[in-house]
Amino acid sequence: MSDTSAPLDRPRARVVSFRSRRDALTPARQRAWDEWWPAMGTDAGDEPLDLAAWFGREAPLVVEIGSGTGTATAAMAAAEPEVNLLAIEVYRPGLAQLVQHCRAAGVTNVRAVRGDAVQVFTHQLAEESLAGVRVFFPDPWPKHKHHKRRLLKQPVVQLIATRLRSGGVLHVATDHLPYAEEVAEVGDAEPLLTRVDLAAESPMLLRRPVTKFENRAEQAGTAVTELLWRKR
Ligand SMILES: C[S@@+](CC[C@H](N)C(=O)[O-])C[C@H]1O[C@@H](n2cnc3c(N)ncnc32)[C@H](O)[C@@H]1O
C-alpha cells in the first residue's frame, strides 16, 4: 500500500507531516503550562470533543492546524471574540507559548489540542461542524523524497472539507510556491470545495497577523500565497 492510500486514522501506518522535536520547556513556559494547560488544552484522543462544554458556549468554531507558537492564534482570537478557536499542534513548547500569548492578550476563546491534526479531524470533530479551518505556513518539506510528508494532500484536504459546514472556509497561506501550486491543484479538485477570493464574505477573519515565518519570507523576498475555498 502506498503512503498516501494508508488509512487516515492509523498514524503508525502513514507518513506524518511533523518532525519530532525537543519537548522540554523553559521554567516560565513550564509554569504557564502547569497553570493554564489543564483548562485550555488536552491531548488528542479518539472520542469526539464536547466543544460547547469546553468553551462554555455555543459559537462558530474555527480550527487552526499547526498553530506553532500561537502568535497568529492569540491575535486572531482577540480580533474575533465571537468565534471559538481550536488550535491543534504537536509541538509542546509552541503550545506553552500559545498559552502565554493568550493569557497576555486576555483572550478566553482559545482551546488547544496537542497531537496530530489528522487524528483530531478523523475522530474528534464532527462532519459539517466547522465555520473555518486555517493552515498557515504548513511545513513545505522541500526535498523531493520528503514530499509525501506534506500535510495538505488529497486525503487530508478531503477530510477537512467533510468537517467544514456549508459555507465554511479553508484558508491556507504558504511562502513555498511549489507547495502552494500543489495545494491549489488538490483544493480545486476537491468536489466539496469552491475557490473564492480574499474579498469574499467569510464566517471568519481572513486578515492574518504576520508570524515569524512570514517575516522570514519577507526578508528572503519570497511571496506569500493565500488560498481560500468555501464549502459548497
Ligand atoms: C512551519 S510551522 C508554522 C507555524 C504557524 N502556523 C506559523 O505560521 O507561525 C508548521 C507547524 O505545524 C505543525 N504541524 C505539522 N503537522 C501537524 C499535524 N499533523 N498536526 C498538528 N500540527 C502539525 C508543526 O509542529 C509546526 O509547528
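Worth a mention:
- Cβ pairs under 7 Å, 6+ apart, first in the stretch 111-124 and closer than 23 Å to Gly56 by Cβ, second aromatic (Phe, Trp, Tyr): Arg111/Trp54; Arg111/Phe55
- Exactly one residue out of Glu190, Glu214, Glu201 is acidic (Asp, Glu) and open to solvent by 30 Å² or more (accessible area, probe 1.4 Å): that is Glu201.
- The set of residues from the stretch 78-94 being over 13 Å from Arg134 (Cβ atoms), charged (D, E, K, R) and free of Cβ contacts under 8 Å to residues at least 40 places away in the same chain comprises just one member, Glu82.
- Candidates Thr174, Thr225: the one that is within 16 Å of the ligand (Cβ to nearest atom), open to solvent by less than 60 Å² (accessible area, probe 1.4 Å), in contact (Cβ under 8 Å) with a residue 24 or more places away in the chain and over 16 Å from the mean Cα position of the chain (by Cα) is Thr225.
- When the test is whether a residue is modelled with pLDDT under 95 and polar (S, T, N, Q), Ser166 does not pass it.
- Single match in Arg92, Arg114, Arg134 (criterion: open to solvent by 10 Å² or more (accessible area, probe 1.4 Å), at pLDDT 95 or above, basic (Lys, Arg) and within 9 Å of the ligand (Cβ to nearest atom)): Arg114
- Any hit, the stretch 124-131, residues being surrounded by 17 or more Cβ atoms within 10 Å (Cβ to Cβ), of a type in the set (S, T, N, Q) and within 12 Å of the ligand (Cβ to nearest atom): no
- The residue that is nearest to Phe136 (Cα to Cα), among those in the stretch 52-72 that are more than 8 Å from the ligand (Cβ to nearest atom) and in contact with a strand residue (DSSP E or B) (Cβ under 6 Å, 6 or more places away or on another chain), is Val63.
The values are calculated or read from the model by the stated rules, or taken from the named source; none is laboratory data. Everything quoted here is computed from the prediction, not taken from an experiment. Cβ: placed from backbone, ideal geometry, glycine included. Neighbour counts: every protein chain shown. Remember, those area values only see protein heavy atoms, side chains included, never the ligands or the DNA or RNA. Shrake-Rupley method; radii C 1.70, N 1.55, O 1.52, S 1.80 Å.
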